[in-house]
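Note sheet for the following structure.
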Ligand code: NAD
Ligand code: IPM
Ligand code: MN
């Protein structure tokens, strides 16, 4: 039997709740396809800070690198919000992304027919939306130098960051995005702020240049402020979006709400080589942590992406997607996607008693 090692990084807040559920789903889906998955749980984020004094222990990065794929819950929380930068849970997350070299973050926002009513947009606007946001993940303002705190010439305290992209960084994310668009609807919209920012001017120039390698993909460009508006005006105009680290962060949270909830949106982060990192796009949701209220579907769907993109076991990924569909068909919902006429379930129950797991036996 094929056998793979998976590093689990539950993290903080609702992270451990949703990862526990996704782990069970992964095991079952794997075993149904004759694939053995070996799990190793490691510390990361606030949990690692409390136990080991750093947000990303060396052993965690080493274990992640040595495994076939990584599933991450979420990190962060009030307790660590005022820590110095190198002692923030978020720094651990940025460091593992950089350490694994996973520069391409795929965030699919798909409106499932069962959840059209959960969207805050009108039915006719949300129905059928299927967007892939390709977010650059290891560059831009998140990593650019110089950064820090200082003093200006009036003696006032300042904080500053640098938005910077090299040609190589833009070219590689553009190629991933064109490949993704080619396999989808054949349309790529590059989102930038090229009317103001030099980093965006170079971005637009390079994406345009790379387009010549993909004559079958239709490329368009849009400024990010307009894109934010167009996403809620007429989201169906988008097929694949490619954008920088910070715009991708913001636009994917916005796109998630079209689908009904941020608790629905999975992601896959991949690099040129080495294991991929799979995580829901949401955070640790401290406001609902510990209450078994979190929607585990974003993490379960991230587990499906792990099987598909990370391990190449597409049949097992399909099982998970089908089980999610059936769970929703049967009317089961966590609070965030609950609507009149559907059945409210807690996080652990949605996956265990029901619904996602039992359906595998059909
Ligand atoms: P958040 O995504 O954690 O929560 C935003 C809102 O969405 C909250 O009301 C929350 O309850 C809700 N929500 C999120 N996930 C949900 C789910 N699965 N089911 C139901 N509801 C869900 O964002 P935030 O409140 O801005 O950040 C909280 C903490 O998480 C911060 O410390 C932040 O840095 C961190 N964060 C981590 C990640 C990550 O680990 N990848 C991503 C975003 C934010
Ligand atoms: C995300 C999060 C992270 C990001 C934070 C927690 C560093 O918002 O994964 O979307 O900005 O990338
Ligand atoms: Mn985010």
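The values are calculated or read from the model by the stated rules, or taken from the named source; none is laboratory data. The structure displayed is predicted, hence computed values, not measured ones. No Cβ is skipped: glycine too gets one built from the backbone with ideal geometry, and neighbour counts run over all protein chains shown.
Side notes on the structure shown:
- Pairs, first within 14 Å of residue 69 (Cβ to Cβ) in region 25-37, second at pLDDT below 95 and in a loop (DSSP other than H, G, I, E, B), C-beta under 9 Å, six or more apart: 35/1; 36/1
- Criterion: without any contact (Cβ under 8 Å) to a residue 12 or more places away in the chain and either farther than 28 Å from residue 251 by Cα or within 15 Å of ligand 1 (Cβ to nearest atom) (or both) - qualifying residue of 287, 336, 292: 287
- When the test is whether a residue is in the same structural domain as residue 70 (by TED's automatic domain parsing) and within 16 Å of ligand 1 (Cβ to nearest atom), residue 279 passes it.
- Within region 187-207, being in a helix (DSSP H, G or I) and farther than 13 Å from residue 177 by Cβ holds for 198, 199, 200, 201, 202, 204, 205.
Each row is one residue, and each column tells you yes or no for (1) under 30 Å from residue 73 (Cβ atoms); (2) touching a helix residue (DSSP H, G or I) at 6+ places or on another chain (Cβ under 6 Å); (3) more than 16 Å from ligand 1 (Cβ to nearest atom); (4) without any contact (Cβ under 8 Å) to a residue 60 or more places away in the chain.
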position: 212; (1), (2), (3), (4): no, no, yes, yes
position: 227; (1), (2), (3), (4): yes, no, yes, yes
position: 238; (1), (2), (3), (4): yes, no, yes, no
position: 254; (1), (2), (3), (4): yes, yes, no, yes
position: 261; (1), (2), (3), (4): yes, yes, no, no
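- Residues that are over 17 Å from residue 107 (Cβ atoms) and either at pLDDT below 95 or in contact with a strand residue (DSSP E or B) (Cβ under 9 Å, 6 or more places away or on another chain) (or both) within region 164-174 comprise 165, 169, 170, 172, listed in sequence order.
- Residue 33 satisfies every condition listed in (1) away from ligand 2 (no atom under 16 Å from the Cβ); (2) under 13 Å from residue 73 (Cα atoms) except (2).
- Spans of helices (runs of 4 or more DSSP H) in region 234-332 with at least 2 residues more than 15 Å from ligand 2 (Cβ to nearest atom): 297-305, 314-329
- Restricting region 260-286 to residues that are within 16 Å of ligand 3 (Cβ to nearest atom) and over 14 Å from the mean Cα position of the chain (by Cα), the residue that is nearest to residue 328 (Cα to Cα): 285
- Residue within region 52-62 that is in the same structural domain as residue 310 (by TED's automatic domain parsing), within 16 Å of ligand 3 (Cβ to nearest atom) and more than 17 Å from residue 320 (Cα to Cα) present: no
- Which listed residue, of 224, 232, 217, is crowded, with 18+ Cβ neighbours inside 10 Å, more than 16 Å from ligand 3 (Cβ to nearest atom) and not assigned by TED's automatic domain parsing to the domain that holds residue 347: 217
- Only one of 52, 63 that is more than 16 Å from ligand 1 (Cβ to nearest atom), closer than 22 Å to residue 84 by Cα and modelled with pLDDT of 95 or more: 52
- Residue selected from region 214-224 under the condition touching a helix residue (DSSP H, G or I) at 6+ places or on another chain (Cβ under 9 Å) and part of a loop (DSSP other than H, G, I, E, B), by the criterion farthest from residue 136 (Cα to Cα): 216
- Candidate set: region 81-99, residues that are farther than 16 Å from residue 245 by Cα and buried (at least 20 other Cβ atoms within 10 Å of the Cβ); chosen: the one nearest to ligand 1 (Cβ to nearest atom): 89
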